[in-house]
Amino acid sequence: MHQRRAFLRWQDRARTIEGPAKRNEQGEVIDMSPVQRKFLEHFSFQCGYCTPGFVNATMVLLDKLKREPIAKDQIEATIMAALNDHICRCTGYMRYYEAVKDLVLATPGLVKDVA
Ligand code: FES
């Protein structure tokens with residue numbers, strides 16, 4: 001009988017909450033990602049149950065904005081669309097949204113300069 005082995009490419013791996021963190025050469029987590037740090041700075045979460053979803057959704061948003069920067073007046077709507085499917089029962093979302101907006105504005109190349 002022929003045994004089948006499942007193959008996963010690195011792109012197929014699920015990204016856990018540790019995924020965005022900075023690692024050393026040995027692969028050990030040594031620091032938070034900018035998204036995680038911003039959520040901490042803004043006190044975005046309390047129990048943390050929802051945090052992995054918000055971190056990953058924000059990572060996806062940042063990747064998208066690197067490819068397709070937006071105008072400054074589109075930031076709120078873009079963040080709302082990116083995070084709207086995530087539920088937080090503790091903080092009422094605003095701190096997550098404010099943290100993401102702060103990060104988007106602080107990261108070069110995500111918002112188009114309007115001349
Ligand atoms: S921090 Fe508790 S559900 Fe969001």
From GLY48, GLY19, GLY53, grab the single residue that is assigned to a loop (DSSP other than H, G, I, E, B) and either at pLDDT 85 or above or of a type in the set (Phe, Trp, Tyr) (or both).
GLY48
Of the residues in the range 70-103, those that are more than 16 Å from THR51 (Cα to Cα) and either of a type in the set (Val, Ile, Thr) or within 15 Å of the ligand (Cβ to nearest atom) (or both) come to ILE70, ILE75, THR78
Please specify each residue of the range 58-86 satisfying the condition of being outside any helix (DSSP H, G or I) and within 15 Å of the chain's Cα centre (by Cα).
ASN84, ASP85, HIS86
Candidate set: the range 37-61, residues that are more than 10 Å from the ligand (Cβ to nearest atom) and free of Cβ contacts under 8 Å to residues at least 12 places away in the same chain; chosen: the one surrounded by the most Cβ atoms within 10 Å (Cβ to Cβ):
ARG37
Mind counting the residues in the range 99-114 that are surrounded by fewer than 16 Cβ atoms within 10 Å (Cβ to Cβ) and outside any loop (DSSP other than H, G, I, E, B)?
3
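The values are calculated or read from the model by the stated rules, or taken from the named source; none is laboratory data. All of these numbers come straight from a predicted model, not from anything done at the bench. Here the Cβ is made from the backbone with ideal geometry for all residues, glycine too, and neighbour counts use every protein chain on show.
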